[in-house]
């Protein structure tokens, strides 16, 4: 493994940045606090600005407004995080995926595997499923029936596509994710639950990323849909017939219940929930652990919950919350029912 | 794959429904908005009533009270969702499971597999475990020691039964679920955690359904128990020694901590939590993302949390919540401590 | 399988307990309510004290202050739960793990497997990874590239270590856990998400335990770190570059967002969340389903949320919460803006 070295001037030219200071070579990337002379680092989050003065990084990518505080060589960028992401990609060691089907894989004869695709150890490919050119189905993945995996997709390991799951191009899915399991459809019938058949599928657009142990159920009748460039973190639950608009990102442990419709360019915070059958317009931001209980028609930021407090104080506020209606009625000039 | 067609009159007779309008053939099911002439659709949730007038569905299953608004043929049902579920099952394409043990499976010689059971690719069956008639252990499942899988169970794929897990009949488990892992039993001992042995098992009643990536730990001493017909959605966490009564349903991402006891016919909303050692009587409904912090002895609906608000407004309310005790004390006629 | 029997006097001597009452033999452990003559039971949680009088257990481990209420033989312990854990371990039936590599496993020739390690059925070991003496990699595990599994570790089944994950000694990981997946690093670039390379790894200290379906992402630049003796329950999400101090325990479904730093000996309740880039000092307790939104510099217990209420009452309080700022302003003597 040879170490690649890049001169700061070359990086400036390649990514359209402005070099300020001496031209140095860098052979890796690191945080401001951990970097040494041979590293390139970056400053994007103002929270870390205090680390700039003392960094030993050879080169720092930052905004022009932060450049004066930089002790060494700087690369000026309008968006330092984006510029850093592009540079860091030069140092990422991709895993080698040799084309072909691992001898331990179990492949249904009715499936179609492109010869440039890679099927890993102990993977299963079910009836009538297809794997397109350059796609990787990692070790331990289970692909059920009637699935389609598009060009350049990567299912890292132990991913399950249960049934009727169609992935666009370059979809990246992390281990433990389950797409296309039965939606949670049950009807109470004479005192017992009756299972409602789940006849739809899952449709995932190009360039989506789906986190580890995330679950996306298939639709009851129509498909559950992720439009292009949707980014889902780990441990997310997407119910049947949900529709998520392009470029929306959801943080870990968030969940969307059945038949809800999330707009484009939304940001859903960690642990947040959206109830079923709701509609969120484009550009909605939901903060962490908030619960969306009604449709949202105006872009902007929405929240629920209460602030973190020392438990002793919180107990007092919480006890009062129980009687909030009575307290409000007593407040002078109160309208008696604003609920 | 031949397309099956059913006359509305035949469906009416088969499922005890009343046909109103022309007798039509249907060859599939669809939502009101997506259906065309050859489809049967349904109206159960009043939210979708506005779609009834414009639907192109050949036949619609609905309540008699909605029938006048139906432009075409109607099948009248007391519970349209139940009737629809029964009809839709006619169109579900089951996955074929040939009896036998896949050549790549690893089966302990001390296990007992019924000859009509199906053991999928790359499955493992541990010592002294049994798989009954007609049961399916899908690809990539790991069955540990001393487990019993009842007649007609289906473990779709990549399900793990760790140890001492006994499933009744017709239990359906979706991919990624883990039953019978160690409960979270630790005791602080001289500054370090000491692991408490988890000697119990998991007992799952007939007709239960367990969602993708749901986890059910085995008991510390006695078993963790799901009575019959319990329905768990995806990503649910059930702690050790929990007992869940028959016909209870839990939505995605909900959790029950150790040794809690949930009654029969309860409904636990998505993301809701129940603390350990509590007892919930039969017929309790907990709304989404609520936290149950005390035992409940009266059936009914329970909630916690605050409503969703624009973040700017929420910040004001949240800031005031911190001082709620002081505000309440100032309110005229306030009893000084109602907590 | 022979049943082992232990005299109470022998247990007293072995674990430093005081025997009170007749010396009896016990051949198993059970709860107070389920125990019979041949069982040893324990009383640690005062919640179960009422069961002491009627227990049929042959021997009960309890505090001296509870001994008078014990109908039979007692073993007095300063910490009955710890003493019970040690005794119960005598009755735990470990799973046998024969050293060696299962013939169905797929092992990269550049990996190093100690001859005393056990590699289970359908496991994969990737390039340059190592498995130390006595370690167990259970059935269906996927170990990627450049991972190190320390002495005496146990990966029960279907565990994934994606890349650059290094485990200390005696780490126990339950099924479905995923360590070392890409952190959730994305940057918005000209209207599309750009993936930020995740170049770090995961470092797990000695004696950690990681629950079923828990996910721990690898760092963006530096490592995600768990110090020694960290105990994580099921379905927990740990973001990239998080650092968790020694002896901290987290209950099920809790989550820590990227770059947060949790101190030593913290207790994070079930479903609780910690936002990114925060710092929690040693000895912080966060109650269940609370959201930590700011750094904590003082040890103690912290909470957010509202109490559980009957839904009808909760609706009234929740509606008033929306107008809490107005209500507070009206309260006599109110400072107009305490926010």
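In this structure, residue A:60 does not satisfy being free of Cβ contacts under 8 Å to residues at least 40 places away in the same chain, surrounded by 14 or more Cβ atoms within 10 Å (Cβ to Cβ) and closer than 30 Å to residue C:127 by Cα. Filter the stretch C:222-235 down to the residues that are part of a loop (DSSP other than H, G, I, E, B) and surrounded by fewer than 24 Cβ atoms within 10 Å (Cβ to Cβ), then identify the one that is modelled with the lowest pLDDT. Among those that are part of a loop (DSSP other than H, G, I, E, B) and surrounded by fewer than 24 Cβ atoms within 10 Å (Cβ to Cβ), it is C:222.
Each row is one residue, and each column tells you yes or no for (1) closer than 23 Å to residue C:168 by Cα; (2) in contact with a strand residue (DSSP E or B) (Cβ under 8 Å, 6 or more places away or on another chain).
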{"position": "C:249", "(1), (2)": "yes, yes"}
{"position": "C:260", "(1), (2)": "yes, yes"}
{"position": "C:264", "(1), (2)": "yes, no"}
{"position": "C:273", "(1), (2)": "no, yes"}
{"position": "C:281", "(1), (2)": "no, yes"}
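If you go through the stretch C:161-184 and pick out every residue that is within 11 Å of chain A (Cβ to nearest Cβ) and assigned to a loop (DSSP other than H, G, I, E, B), you end up with 7.
Residues in the stretch A:273-305 that are crowded, with 23+ Cβ neighbours inside 10 Å and more than 9 Å from chain B (Cβ to nearest Cβ): A:274, A:280, A:284, A:288.
Please verify whether the stretch A:40-47 includes one or more residues that are part of a loop (DSSP other than H, G, I, E, B) and modelled with pLDDT of 95 or more. Checked the stretch A:40-47: at least one residue is part of a loop (DSSP other than H, G, I, E, B) and modelled with pLDDT of 95 or more. Do we have residue C:312 as closer than 19 Å to residue B:315 by Cβ, more than 7 Å from chain A (Cβ to nearest Cβ) and surrounded by fewer than 21 Cβ atoms within 10 Å (Cβ to Cβ) here? Answer is no for this residue. The selection criterion, being more than 9 Å from every other protein chain (Cβ to nearest Cβ) and assigned to a loop (DSSP other than H, G, I, E, B), does not hold for residue B:252. Residue B:200 fulfils the conditions (1) assigned to a loop (DSSP other than H, G, I, E, B); (2) surrounded by 24 or more Cβ atoms within 10 Å (Cβ to Cβ); (3) facing chain C (nearest Cβ under 10 Å) except for a single criterion, (2).
When you check residue B:326 against the structure, is it surrounded by fewer than 19 Cβ atoms within 10 Å (Cβ to Cβ), at pLDDT below 95 and within 29 Å of residue A:302 (Cβ to Cβ), yes or no? Yes: the conditions hold for residue B:326. If a residue has to be surrounded by 24 or more Cβ atoms within 10 Å (Cβ to Cβ) and farther than 19 Å from residue A:288 by Cβ to count, how many in the stretch C:245-265 make the cut? So the count comes out to 1. Can we say residue A:258 is within 24 Å of residue C:311 (Cα to Cα) and touching a residue at least 40 places away in the same chain (Cβ under 8 Å)? When the stated conditions are applied, residue A:258 passes them. Can you name the residue in the stretch A:99-121 that is assigned to a loop (DSSP other than H, G, I, E, B) and within 12 Å of chain C (Cβ to nearest Cβ) and is also nearest to the chain's Cα centre (by Cα) among such residues? Filtering first and then ranking leaves A:120.
Checked against the criterion of being under 30 Å from residue C:192 (Cα atoms) and buried (at least 20 other Cβ atoms within 10 Å of the Cβ), the stretch A:18-27 contains one or more residues that satisfy it. If you go through the stretch B:212-246 and keep only what is within 10 Å of the chain's Cα centre (by Cα) and under 19 Å from residue B:168 (Cβ atoms), you end up with B:214, B:229, B:230, B:231, B:232, B:236. Look at (1) outside any loop (DSSP other than H, G, I, E, B); (2) under 25 Å from the mean Cα position of the chain (by Cα) and you find that residue B:14 fails only one, number (2).
Only one of the numbered conditions (1) away from chain C (no Cβ under 11 Å); (2) under 26 Å from the mean Cα position of the chain (by Cα); (3) in a loop (DSSP other than H, G, I, E, B) is not met by residue A:94, and that is (1). Considering only residues in the stretch A:203-221 that are more than 7 Å from every other protein chain (Cβ to nearest Cβ) and part of a loop (DSSP other than H, G, I, E, B), the one that is nearest to residue B:158 (Cα to Cα) turns out to be A:214. Residues to consider are B:138, B:100; find the one that is surrounded by fewer than 17 Cβ atoms within 10 Å (Cβ to Cβ) and either under 30 Å from residue C:97 (Cα atoms) or not assigned by TED's automatic domain parsing to the domain that holds residue B:199 (or both). Unique residue meeting the criteria: B:100. Can you find even one residue in the stretch C:3-21 that is touching a strand residue (DSSP E or B) at 6+ places or on another chain (Cβ under 7 Å), away from chain B (no Cβ under 14 Å), touching a residue at least 40 places away in the same chain (Cβ under 8 Å) and on the phi > 0 side of the Ramachandran plot? Yes, that holds for at least one residue.
Conditions: (1) surrounded by 22 or more Cβ atoms within 10 Å (Cβ to Cβ); (2) assigned to a loop (DSSP other than H, G, I, E, B). Residue A:75 meets all but one. Number of the miss? All conditions pass for residue A:75, except number (2). Name the single residue, out of those in the stretch C:41-54 being within 11 Å of another protein chain (Cβ to nearest Cβ) and in contact with a helix residue (DSSP H, G or I) (Cβ under 6 Å, 6 or more places away or on another chain), that is surrounded by the fewest Cβ atoms within 10 Å (Cβ to Cβ). Only one residue tops the list, namely C:44. Here's a check for you: in the stretch B:122-160, which residue that is in a strand (DSSP E or B) and farther than 25 Å from residue C:93 by Cβ is farthest from the other protein chains (Cβ to nearest Cβ)? Result: B:136. Does any residue of the stretch A:57-66 turn out to be under 17 Å from residue A:19 (Cα atoms), out of contact with any helix residue (DSSP H, G or I) (no Cβ under 8 Å at 6 or more places or on another chain), assigned by TED's automatic domain parsing to the domain that holds residue A:12 and assigned to a strand (DSSP E or B)? Yes: the stretch A:57-66 contains one or more residues that are under 17 Å from residue A:19 (Cα atoms), out of contact with any helix residue (DSSP H, G or I) (no Cβ under 8 Å at 6 or more places or on another chain), assigned by TED's automatic domain parsing to the domain that holds residue A:12 and assigned to a strand (DSSP E or B).
The values are calculated or read from the model by the stated rules, or taken from the named source; none is laboratory data. Worth saying up front: this structure is predicted, and the values here are computed from it rather than measured. Glycine gets a Cβ as well: all are built from the backbone with ideal geometry, and neighbour counts include every protein chain shown.
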